[in-house]
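The block underneath contains the structure these notes are about, expressed in structure tokens.
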Amino acid sequence: MIERDHKQLSVVVQCNLLKTNRSTIYYEQKLVDSNDATIIEQITKIYEKLPFYGYRRLHVELAKEGYKHNLKKTRRLKQVSGLKTIYPSKKTTIANQAHKKYPYLLKGKQIGRPNQVWQVDITYVKIRYGFVYLTCLIDVFSRKLMGWALSPFLDTGPCLEAMKMALKVATPEIINSDQGCQFTCREWVEALQANSITISMDGKGRWADNIFIERLWRTIKNELIYLHSFESIEELSIAFMDYAVFYNSRRWHQSLNYKAPDEVYDDYYFKKQEQREAASLYVSPVEQNSQVQPNFLS
């Protein structure tokens with residue numbers, strides 16, 4: 001559209017009229033030489049078999065096939081080819097605008113007993129060849145880990161699996177989650193309603209509404225994930241199973257006066273049982289007097 005030899009309008013004026021940056025007029029795209037075209041063709045072939053390879057692993061693969069060039073060139077030619085590496089997204093909260101959102105019910109709420117409120121969330125965990133997703137449910141009062149599931153897929157299935165595990169232990173009054181599509185979909189909502197569980201959801205962008213499980217993620221990653229390198233989801237699953245037992249039974253929490261979650265959870269019900277037994281044995285003074293038989297002979 002720009003005519004450099006225009007008799008009346010200079011290149012500057014033409015660029016201003018078309019709102020075009022003048023520098024682009026003088027840029028001439030560098031043609032891909034025949035050697036580069038061959039490499040791009042090979043990159044495409046590798047991508048068809050290994051679409052999860054980034055440019056670094058792609059560079060190693062090319063080197064093994066006899067292509068000798070530097071890493072920057074592999075990255076540039078991969079970009080030229082327009083190929084995108086396929087891998088799980090780190091973002092776990094993906095909203096579905098068509099799904100119903102529920103109000104946040106925990107603001108100002110006093111939580112004074114186990115199974116009053118649970119929180120659920122998903123985080124990603126890096127393993128050797130990518131990411132997997134960890135879903136957990138915790139009891140807010142005791143911080144007890146109630147149920148969990150690991151999966152390579154970011155969908156509702158693992159969430160339902162984790163909830164099924166948790167419901168074998170107890171049934172909460174409320175479960176709070178974010179507004180991700182996994183927790184607003186029909187399957188999740190119907191599962192909660194079938195168990196008479198009230199649904200609560202964080203406000204949009206308010207991660208602090210689910211603060212207790214956010215702290216759980218920090219603990220798990222600092223004490224397990226960052227200390228080890230996991231080759232597969234199976235290896236991670238075995239390690240997490242052991243860690244879950246440790247976390248519930250032997251990890252002392254400062255916020256719980258250096259008690260473990262199991263201890264706090266069980267102590268509440270043990271004390272309640274003691275109170276019920278004491279109440280059943282208690283006899284009021286009125287009842288005691290009514291049990292005294294009058295002595296008419298005295």
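The values are calculated or read from the model by the stated rules, or taken from the named source; none is laboratory data. Everything numeric here is computed off the predicted structure, so don't read it as measured data. Glycine also receives a Cβ, built like all others from the backbone with ideal geometry; neighbour counts cover every protein chain displayed. Heads up: the accessible areas ignore ligands, DNA and RNA and are worked out on the full protein's heavy atoms, side chains in. Shrake-Rupley method; radii C 1.70, N 1.55, O 1.52, S 1.80 Å.
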The range 109-164 - residue that is of a type in the set (Lys, Arg) and over 19 Å from residue 212 (Cβ atoms) and, of those, surrounded by the most Cβ atoms within 10 Å (Cβ to Cβ)
126
Yes or no: residue 60 open to solvent by 70 Å² or more (accessible area, probe 1.4 Å), of a type in the set (A, V, I, L, M, F, W, C) and at pLDDT 85 or above?
yes
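Here's the yes/no breakdown for (1) under 19 Å from residue 100 (Cα atoms); (2) of a type in the set (S, T, N, Q):
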{"site": "155", "(1), (2)": "yes, no"}
{"site": "167", "(1), (2)": "no, no"}
{"site": "179", "(1), (2)": "yes, yes"}
{"site": "211", "(1), (2)": "no, no"}
{"site": "220", "(1), (2)": "no, no"}
{"site": "224", "(1), (2)": "no, no"}
{"site": "228", "(1), (2)": "no, no"}
Only residues that are free of Cβ contacts under 8 Å to residues at least 12 places away in the same chain, farther than 21 Å from residue 140 by Cα and of a type in the set (D, E, K, R): list them for the range 208-234, please.
234
The number of residues in the range 198-224 that are open to solvent by less than 20 Å² (accessible area, probe 1.4 Å), assigned to a helix (DSSP H, G or I) and modelled with pLDDT of 90 or more is 3
Helices (runs of 4 or more DSSP H) (entirely within the range 229-298) containing at least 2 residues that are modelled with pLDDT under 75 and either surrounded by fewer than 12 Cβ atoms within 10 Å (Cβ to Cβ) or out of contact with any Ser or Thr (no Cβ under 8 Å at 6 or more places or on another chain) (or both):
261-281, 285-291
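With respect to residue 105, is the statement that it is at pLDDT 95 or above and among the hydrophobic types (A, V, I, L, M, F, W, C) true?
no
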Of all residues in the range 172-197, which are touching a Ser or Thr at 6+ places or on another chain (Cβ under 9 Å), closer than 22 Å to residue 109 by Cβ and either free of Cβ contacts under 8 Å to residues at least 12 places away in the same chain or open to solvent by 70 Å² or more (accessible area, probe 1.4 Å) (or both)?
173, 196
Number of the exception - residue 121 against (1) modelled with pLDDT under 95; (2) assigned to a loop (DSSP other than H, G, I, E, B)
(2)
